[in-house]
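Novice: Okay, here's the structure, questions in a sec.
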Amino acid sequence: MEPGHAHAPVLQGLWECVRAAQEEVLLAPHLAASCAFLTHVLLCAPFLALDALGSVCARVRSWRIAAGSGPPPPLSRWFECFCRVLFRYITVVAPAAALLQLLRSPQVPELAPSCWQLCVEVVACFLLFDTLFFLWHYVMHRVPWLYRSVHHLHHQHHVPFALAAQDASSAELLSLLLLALSSVWLLGCHPLSEALFHLLNCWLAVEDHCGYNLPWALHRLLPCMGGAPHHQAHHSQQSANYAPYFTHWDLLFGTYRA
């Protein structure tokens, strides 16, 4: 029996519920962008609460990576960032995602993946996406006109916060969408694996920009990941730590900074 099949009935039941809404939901052209935006905002909400608690709780303030660079961003900055991200989703990301969905015409298989297949495909997606992002991110920093026209807007945040994970130019948001979708397509992932990858990808991007070195953060459990301290060093130095999640490419190319 293939590893993970012991839990396959659970995934199959979940997949049957998803397939039941195939025509009305799964193939809706604007579903992907709408879910991505709502997921991003909901995942940022706990860090907004931490910023608020930081004004009255010394323990929360001690978790901030850049505690010496000033207080957490005010609510007005969160709102301005929210409006910018929402505007770009409405005007650029949603139309592009809808077009890709129409061109793609995805097939919805009858069977759910095994637990083993799900885990392997999600991990493979992260490794491939991390590689593609590292290369693209490095090029954007090394080619001056690309940095000015595509990436500079994201670096307005020298001390990032959670919502800033997607506060970038329209061109950069589209490029990241294509990198994520290409990772899934190249590996031929099951739609359930694809959905889990996009969800976790959104969470890790938010955690990378949150500005907190939390005791339960994933990079504390997995030393191969850089986490928020790794990415905040990139925002402050801008010449190191180009990989989004893992550290191996920066270590191999000599661009790693602690």
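Novice: Quick one: how many residues across the range 43-94 are in a helix (DSSP H, G or I) and modelled with pLDDT under 80? Step through it out loud before you land on a result.
Specialist: First pass over the range 43-94, keeping only residues in a helix (DSSP H, G or I): 43-53, 58-63, 67-69, 75-94.
In the following step, the residues that additionally are modelled with pLDDT under 80 were identified as 67-69.
Final tally of qualifying residues: 3.
Novice: Testing LEU187 on (1) without any contact (Cβ under 8 Å) to a residue 60 or more places away in the chain; (2) farther than 24 Å from GLY227 by Cα; (3) of a type outside the set (Val, Ile, Thr), one condition comes back false. Which one is that?
Specialist: (1)
Novice: Something else now. Determine, yes or no, whether ALA228 is in contact with a Gly (Cβ under 8 Å, 6 or more places away or on another chain), of a type in the set (A, V, I, L, M), assigned to a helix (DSSP H, G or I) and within 19 Å of PHE126 (Cβ to Cβ). Give the steps one after another, and end with the answer.
Specialist: Details: in contact with a Gly (Cβ under 8 Å, 6 or more places away or on another chain): yes; of a type in the set (A, V, I, L, M): yes; assigned to a helix (DSSP H, G or I): yes; within 19 Å of PHE126 (Cβ to Cβ): yes.
Criteria met by ALA228.
Novice: Taking the condition more than 30 Å from VAL108 (Cβ to Cβ), in contact (Cβ under 8 Å) with a residue 60 or more places away in the chain, in a helix (DSSP H, G or I) and charged (D, E, K, R), does ASP208 pass? Even if it seems obvious, please write down each step before you answer.
Specialist: Values: more than 30 Å from VAL108 (Cβ to Cβ): yes; in contact (Cβ under 8 Å) with a residue 60 or more places away in the chain: no; in a helix (DSSP H, G or I): yes; charged (D, E, K, R): yes.
No; evaluated as a whole, the condition is false for this residue.
Novice: Consider CYS35 carefully, then state whether it is touching a helix residue (DSSP H, G or I) at 6+ places or on another chain (Cβ under 9 Å) and surrounded by fewer than 20 Cβ atoms within 10 Å (Cβ to Cβ).
Specialist: Values: touching a helix residue (DSSP H, G or I) at 6+ places or on another chain (Cβ under 9 Å): yes; surrounded by fewer than 20 Cβ atoms within 10 Å (Cβ to Cβ): yes.
When the stated conditions are applied, CYS35 passes them.
Novice: Taking ASN241 and the conditions (1) touching a Ser or Thr at 6+ places or on another chain (Cβ under 8 Å); (2) assigned to a helix (DSSP H, G or I), which numbered condition does it fall short on, given that it satisfies the others?
Specialist: It is condition (2) that ASN241 fails.
Novice: Same structure again: Considering only the range 125-166, state which residues are surrounded by 19 or more Cβ atoms within 10 Å (Cβ to Cβ), outside any helix (DSSP H, G or I) and out of contact with any Phe, Trp or Tyr (no Cβ under 9 Å at 6 or more places or on another chain).
Specialist: Hits for the range 125-166 are HIS157, PRO160.
Novice: Whether any residue in the range 216-225 is closer than 24 Å to ALA58 by Cβ and more than 16 Å from the chain's Cα centre (by Cα) is what I want to check. If you could, list the steps in order and put the result at the bottom.
Specialist: Here is the first cut: in the range 216-225, the residues closer than 24 Å to ALA58 by Cβ are 216-217, 219-220.
Applying the additional criterion that residues be more than 16 Å from the chain's Cα centre (by Cα) yields 216, 220.
Yes, that holds for at least one residue.
Novice: Here's something else I'd like to know. Of everything in the range 121-142, what is over 16 Å from the mean Cα position of the chain (by Cα) and among the hydrophobic types (A, V, I, L, M, F, W, C)? Give them in sequence order. Walk me through it before giving the result.
Specialist: Here is the first cut: in the range 121-142, the ones over 16 Å from the mean Cα position of the chain (by Cα) are 121, 135, 138-142.
The answer is LEU135, VAL139, MET140.
Novice: If the requirement is being on the phi > 0 side of the Ramachandran plot and either surrounded by 20 or more Cβ atoms within 10 Å (Cβ to Cβ) or at pLDDT 90 or above (or both), which of these qualifies: GLY211, GLY188?
Specialist: Details: GLY188 fails: either surrounded by 20 or more Cβ atoms within 10 Å (Cβ to Cβ) or at pLDDT 90 or above (or both).
It is GLY211.
Novice: Kindly indicate the residue of the range 222-250 that is under 15 Å from MET140 (Cα atoms) and of a type in the set (A, V, I, L, M, F, W, C) and also modelled with the highest pLDDT among those meeting that condition.
Specialist: The extreme case among them is ALA243.
Novice: I need the full set of residues from the range 70-95 which are among the hydrophobic types (A, V, I, L, M, F, W, C) and more than 16 Å from GLY211 (Cβ to Cβ), in order please. Before you say what the answer is, go through the steps one by one.
Specialist: In the first step, residues of the range 70-95 are kept if they are among the hydrophobic types (A, V, I, L, M, F, W, C); the result is 75, 78-79, 81-83, 85-87, 90, 92-94.
Result: PHE79, PHE82, CYS83, VAL85, LEU86, PHE87, ILE90, VAL92, VAL93, ALA94.
The values are calculated or read from the model by the stated rules, or taken from the named source; none is laboratory data. Just so it is clear, the structure is predicted and the values come from calculations on it, not from any experiment. Methodologically, a virtual Cβ is constructed for each residue, glycine included, from the backbone with ideal geometry; neighbour enumeration extends over all protein chains shown.
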